[in-house]
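See below for the structure under consideration.
The values are calculated or read from the model by the stated rules, or taken from the named source; none is laboratory data. Quantities reported herein were computed from a predicted structural model and do not represent experimental measurements. No Cβ is skipped: glycine too gets one built from the backbone with ideal geometry, and neighbour counts run over all protein chains shown. Protein only, heavy atoms only, side chains kept; ligands, DNA and RNA dropped before computing areas. Shrake-Rupley method; radii C 1.70, N 1.55, O 1.52, S 1.80 Å.
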Amino acid sequence: MSPDLLSFDHPLTRLVVGLLCVFAFVGLNGLVLVWVERKVAGHVQLRPGPLHVGPYGLLQPIVDAVKLVGKQLAMPAGADKYLYWAAPLLAFAPVTVCFLPLPFDPDLAPMRLNIGLVLILAFSGLGVLSLILAGWGSNNKWGLLGAARAVAQSVAYEVPLLLAVMSVAITAGSLDLYEITGKQGGWPWQWYGVQNPLAFFIFLVCAVAETNRAPFDLPEAESELTAGFHTEYSGMGFGLFFLAEYANMIVVSGVAAALFLGGWQGPFLSGILWFLVKVYAILLLMIWMRWTYPRVRFDQLLNLSWKWLTPLAIIDLALVVIIKGIGG
Amino acid sequence: MSVSALFEEACTGLKSLFVGLGITGKAFCQPQVTVIYPKQEVDNLSTFRGHVELVGKEDDPSVPRCVACGACVKACPSDCLTILCPVPAKEGEQDAPVAMGPAPQKGSKTPGAVIVDFSLCSLCGQCAKTCPVDSLRFSDNPYMVALDRKEFRIDLMARLKRQAEEE
Amino acid sequence: MQAFDTAQLPRDPSSVRFEPGPTEDKLILSMGPQHPSTHGVLRILLELDGEYIVRAEPVLGYIHRMHEWMAEQKTYFQFMPNMGRVDYLHAMAWNWAYAGAVERLAGIEVPERGEHIRVAVTELNRISSHLLWWGAYLLDLGAFTPIMYAFDDREILLDILQAVTGSRLTYSYFTFGGVYNDVPDDFASRCLAFTKHLRSRLPMYRDLVTDNVILRGRCEGIGEMDVDLARRYGATGPVLRGSGAPVDTRRAEPYSVYGKFDFRIPAYSQGDAMARYMVRMDELETSCDIIDQAVSNLPDGPCSAKAPKTLKPPKGEACYAVEGARGKILVHVRSDGGPKPYRVKLRAPGFSNLSVFCELARGTLLADAVSILGSLDLVIPEIDR
Ligand code: SF4
Ligand code: SF4
């Protein structure tokens, strides 16, 4: 007997409610992250950051969003209309799906999947498609160069990322993020990130590259490609790319927290709080790195991936398999 | 390159990255240096060189020292200064209203109007340097905002009067 | 959808040499005049193969202001403020080159105190120029924070210069025979305090940026130029010294009182972007040394010689070269005995330095081209004049 459609247990209802919550969560966190990013950047650069709109400039992102919404949506002559407008939507939509299997709390589960990890990796891989479409569709040479960079970068970094994730999955013996989190404990020495720091490190580097953040922000590379793939986007077109970038950051940080930092587990605080604390700690690290380093060059980026991270990840994976094999 | 050298290089590279993070992290905790303008003001305005202004006489600060010689007008590279003084009346026209003409005018030793067009001025100081009686100097007025280009034509005589009254 | 036909666009005269269009599989890209890393209005036409540069050609003239022509229309005094605008980052050196040329022409002697003040303010200005270059170069390479730290230090320096000259950027401080006004009493102590402060900050700069592995990767071995190439194009300043020739006008043709001071001329032989970077970083220290020596025994006396109010130099011509932050600045003045110069020729170092770019950029990646361009330290208004 199938459950009642209106009851909360029906998978479809759960999905819809979950998606709505995810949208709200992404929107809210996107705004908060924009504020945090600007505040951190300001303080790192000895200036106060946003200050005047609301207390501590808290309302600044909202004002920015309103400004973006109010702007004209321009499209360059000769651009491919459908690809051009599909790209920002495509950038944003898959990210929201990635939130569904994230384990916020033992009881708070938008959608519990036994292959949650695969779902996230698959959908976040989709993000690069939007960059290609944006770059190709906008009939702009800078955009095209940005798109080409995005593809090479994403291909190069997905490999070590997957290998690092795999080593954790093998240790935990599951692809379900809940189970992986559950296998870890509340104390740091029970975390996979501490037990297997190499995989954690590789994952972090790849995560920064996957989300196109400095020092790996090559597809947009402001000082080289003006704005890379989103050179031509204005208003909310740009806004969606912007939001997708932050949403992507939250997803990879969420995955990192679940895989390597014990997710919701921790003493004293409630589960969701611990999860958010860990996610934001990783986000802060990413922001901090962005405001410290110069941008790497394209071939260096690929070299780092193919010559360092991939072999290291393979070695790490082999070690994990051996240890697992010995330990039974 | 041997593998160990390669790893050594990677380690120094990684270390440099952490050192960088340390420096920005330290800066994060330091107090900010921004002077938030409407609430605070920078403290070096006294040395700021704004538009030129007239210098008053010692005994009467509301009257400029200027002797309307017109040297500054000639020295200015950008023609920003206008100095007008009464044109001496011709024979038989004593009752006619006093006409103003560009300095120098014969017999007229005080300016009727001194106007600087700040939108042209390059703050070079040639006018102040040339003035034989040191009647021009730089003001320290940094607040030059206007909605209209005309507002940058500053009437220096009026300004001097205002300054004298304020004192 | 509206058809987009590039053939209908007006032909761009500056890209004539790139006609009749790209060869198979090549992309022609116009970098600038509005591009974040061409710093102003430089335009570079690039022919790309993927991201590799096949040809690069700078297009100049977007900010040509006819300074040389203006000189012929104005009296000697009136042209002085123009010099602060040629290269707004190292205005003092241009001030000096012009004032020096006219002084040489008219036979005006500068008093000792004036010379010392000139040296001090020019070196201060050189530091401010290098600090700005440092920040902007890192901005080109994608690091956003260093420019803020550089500006934090530069602010102290600008305060000192403001106290002396009244302005913070386009100085017009030199006059024929000396400087416009004497320095305030606390000038020397403030300068000494600043050099001390800057020296204490340099290790931080080194740790944050110079030693950074990413920066090294972006600079080392990029845009290598040997001495021959540099000389062939007439490159001067840090660009030449970065390719191993320790040539500095301050030492090679000592003008003013530079002969009295003891300072090192940094030179690196690698000839890559990193070498040029290191030369400039070392020059910060060199300038500090010179400032210390110049202000710690500031002679008494007038800061300026009495120059006639209307200057009419005798018929003839004179040249004066100074070492600017970007290289050798040379001003050539020719007089026909009148109150206005007959001809003034300004030799901008950036122009020669930029010409090397076409050779350096060939075969590099687009990202390297940005790095090379930044390492040449170009100020476009100076190149276009
Ligand atoms: S400062 Fe220079 S430009 Fe301004 S009014 Fe005086 S002479 Fe003219
Ligand atoms: S040079 Fe001096 S005295 Fe002569 S008109 Fe100008 S301000 Fe007046």
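Can you give me the long-range amide H partners of B:VAL52? Hydrogens built in the peptide plane at 1.01 Å from N, cutoff under 5 Å, separation of 5 or more residues or another chain.
For B:VAL52, the qualifying residues are B:SER139.
Could you compute the net charge surrounding A:LEU100? Neighbours are other residues with a C-beta less than 11 Å from the C-beta of A:LEU100; K and R count +1, D and E count -1. Write out the running numbers ahead of the final one.
Numbers: positive: A:ARG14, A:ARG112; negative: none.
Summing Lys and Arg as +1 and Asp and Glu as -1 gives +2.
B:GLU151 accessible area, nearest 10 Å², 1.4 Å probe?
110 Å²
Applying the Karplus parametrisation 6.51 cos²θ - 1.76 cosθ + 1.60 with θ = phi - 60° to the phi angles of the range C:256-262, what ³J(HN,Hα) value in whole Hz is obtained for each residue in order, glycine and proline being reported as x?
The phi angles translate into 6, 9, 4, x, 7, 8, 10 Hz.
Hey, any idea what % of the range C:67-384's accessible area is carbon plus sulfur with a 1.4 Å probe?
Values: 5150 of 9950 Å².
That fraction is 52 percent.
So what is the relative contact order for the range B:45-166, in percent, with contacts set as C-alpha pairs under 8 Å and at least six apart? Mind dumping the intermediate values first?
Numbers: 236 pairs, mean separation 47.6, N = 122.
Across the range B:45-166, relative contact order equals 39 percent.
Using a probe radius of 1.4 Å on protein heavy atoms only, what is the accessible area buried between chains B and C, both sides summed, to the nearest 100 Å²? All intermediate terms of the calculation are to be shown ahead of the outcome.
Details: alone 12130 and 16500 Å², together 26540 Å².
Result for this pair: about 2100 Å² buried.
Excluding residues fewer than 8 places away in the same chain, name every one of the lysines whose C-alpha is closer than 18 Å to that of B:LYS161.
B:LYS57
Can you grab the distance from the C-alpha centre of the range C:368-385 to the C-alpha centre of the range B:23-69, Å, no decimals?
33 Å
For q values of 0.10, 0.12 Å⁻¹, compute log₁₀ I(q)/I(0) with the Debye formula on a Cα-only model of chain C, without solvent.
-0.66, -0.92
Measure nothing but the geometry: give the 0 to 90° angle between the long axis through the Cα atoms of A:60-70 and the longest principal axis through the Cα atoms of chain A, rounded to 10°.
50 degrees
Any chance you could give the angle, 0 to 90 degrees and rounded to 10, that helix A:197-210 forms with the longest Cα principal axis of chain A?
Tilt of helix A:197-210: around 20 degrees.
For the interface of chains A and C, what total accessible area is buried with a 1.4 Å probe, rounded to the nearest 100 Å²? Don't jump to the answer; show the numbers that get you there.
On the way: alone 15680 and 16500 Å², together 29330 Å².
Interface between A and C: roughly 2800 Å².
Taking each residue in C:134-145, count the Cβ atoms of any other chain within 10 Å of its Cβ, then average. What number comes out?
Counting Cβ atoms of other protein chains within 10 Å of each residue's Cβ and averaging gives 6.
Starting with the highest mean, order A:279-285, A:14-20, B:121-127 by the number of other Cβ atoms within 10 Å, averaged over the residues of each peptide.
Values: A:279-285: 18.6, A:14-20: 14.6, B:121-127: 22.0.
Sorting A:279-285, A:14-20, B:121-127 by mean packing, highest first, produces B:121-127, A:279-285, A:14-20.
Specify, per residue and in Å³, the volume enclosed by the convex hull of the alpha carbon atoms belonging to chain A.
156 Å³
Give me the inter-chain shielding for C:360-369: mean count of other chain Cβ atoms within 10 Å, whole number please.
Details: counts 0, 0, 0, 0, 0, 4, 8, 12, 4, 1.
Mean shielding count: 3.
Tally up the carbon and sulfur contribution to the accessible surface of chain A as a whole percent, 1.4 Å probe, everything protein left in place. Let's see the in-between values first.
Details: 10020 of 13560 Å².
It is 74 percent, rounded to a whole number.
With a cut-off of at most 11 other beta carbons within 10 Å, and DSSP calling the residue loop, which GluC sites (Glu not before Pro) in the range C:71-178 qualify? Please list them. Let's see the in-between values first.
Numbers: sites: C:GLU72, C:GLU103, C:GLU109, C:GLU112, C:GLU115, C:GLU123, C:GLU155; in loops: C:GLU109.
Qualifying residues, ordered by number: C:GLU109.
Based on alpha-carbon centroids, what's the gap between the range A:174-232 and the range C:72-139 in Å, whole number please?
Between the Cα centre of the range A:174-232 and that of the range C:72-139, the gap is 51 Å.
In peptide C:203-210, how many Cβ atoms from other protein chains are near each Cβ within 10 Å, on average? If you can, show how the numbers build up before the last one.
Numbers: counts 0, 3, 1, 1, 5, 10, 6, 1.
Counting Cβ atoms of other protein chains within 10 Å of each residue's Cβ and averaging gives 3.
Roughly how many Å is it from the Cα centre of the range C:268-299 to that of the range A:88-158, as a whole number?
If we compute the Cα centre of each part, the gap is 49 Å.
Among the helices of chain C (complete DSSP H runs), which have Cα atoms covering no less than 20 Å along the helix axis and a Kyte-Doolittle mean of at least 0.5? Intermediate values should be presented prior to the final figure.
Details: long enough: C:91-106 (22 Å, 0.36); C:112-140 (42 Å, -0.12); C:146-165 (27 Å, 0.59); C:187-205 (26 Å, -0.04); C:273-296 (35 Å, 0.05).
Length and hydropathy pass: C:146-165.
Cα gyration tensor of the range A:260-313, axes a ≥ b ≥ c as square roots of the eigenvalues: rounded (a/c below 1.5), prolate (a/b > b/c) or oblate? Walk me through the numbers on the way to the answer.
Working: a/c = 5.48, a/b = 2.01, b/c = 2.72.
The shape class here is oblate.
What do you get for the angle between helix B:156-166 and the principal long axis of chain B? Use alpha-carbon atoms, 0 to 90 degrees, nearest ten.
It is inclined by approximately 80 degrees.
Can you figure out the FRET efficiency of A:ILE323 with C:ARG201, using R₀ = 56 Å and their beta-carbon distance, to the nearest 0.05?
On the way: r = 48 Å, r/R0 = 0.86.
The calculated FRET efficiency here is 0.70.
Tell me the mean residue ellipticity at 222 nm calculated for chain A from its helices only (DSSP H runs of n ≥ 4, each -39500 (n - 2.57), averaged over every residue, nearest 500). Working shown, then result.
Values: 13 runs with 217 residues, N = 328.
After summing the helix terms and dividing by the residues of chain A, the value is -22000 deg cm²/dmol.
Below 19 Å, Cα to Cα, which aspartates and glutamates can C:LYS260 reach? Residues fewer than 8 away in the same chain don't count.
Result set, ordered by chain and number: C:GLU109, C:GLU112, C:GLU115, C:GLU123, C:ASP248, C:GLU283, C:GLU285, C:ASP289, C:ASP292, C:ASP300, C:GLU323.
Amide H neighbours of C:ARG343 under 5 Å, counting only residues 5+ apart in sequence or on other chains, H built in-plane at 1.01 Å?
Sorted by chain and number, the residues that satisfy this are C:ARG334.
What pairs from A:LYS67/A:LYS141; B:LYS129/C:LYS74; B:LYS109/B:LYS150; A:LYS307/C:LYS26; C:LYS306/C:LYS345 go past 19 Å between their alpha carbons?
As for pairs spanning more than 19 Å Cα to Cα, those are A:LYS67/A:LYS141; B:LYS109/B:LYS150; A:LYS307/C:LYS26; C:LYS306/C:LYS345.
Which lysines does B:LYS26 reach when only Cα atoms under 26 Å apart count, and residues fewer than 8 places away in its own chain are ignored?
Cα-Cα hits under 26 Å: A:LYS39, A:LYS278, B:LYS15, C:LYS196.
Rank-order A:195-205, C:312-322 by packing density, defined as the average count of other C-beta atoms within 10 Å over each peptide's residues, highest first. All intermediate terms of the calculation are to be shown ahead of the outcome.
Numbers: A:195-205: 20.7, C:312-322: 17.8.
So the order, starting with the most tightly packed, is A:195-205, C:312-322.
Karplus couplings for the range C:242-248 from phi (6.51 cos²θ - 1.76 cosθ + 1.60, θ = phi - 60°), rounded to Hz, Gly and Pro as x?
Going residue by residue, I get x, 9, x, 9, x, 9, 9 Hz, with x marking Gly and Pro.
Within the range B:31-70, find all residues whose amide N lies under 18 Å from a label point positioned 7 Å from the Cα of B:THR110 along Cα-to-beta-carbon.
B:54-70
Explain nothing, just the number: dipole magnitude of the range B:1-76 about its Cα centre with +1 on each Lys and Arg Cβ and -1 on each Asp and Glu Cβ, in debye rounded to the nearest 20.
Details: 7 positive and 8 negative charges, 29 e Å.
That gives a dipole near 140 debye.
Using only helices, what value at 222 nm comes out for chain C when you add -39,500 (n - 2.57) per DSSP H run of length 4 or more and divide by the total residues, to the nearest 500 deg cm²/dmol?
Numbers: 14 runs with 175 residues, N = 385.
The helix-only estimate for chain C comes to -14500 deg cm²/dmol at 222 nm.
Set Lys and Arg Cβ to +1 and Asp and Glu Cβ to -1, take the dipole of the range B:45-166 about its Cα centre, and tell me which of B:VAL114, B:ALA128, B:VAL67 lies farthest positive.
Most positive-ward Cα: B:ALA128.
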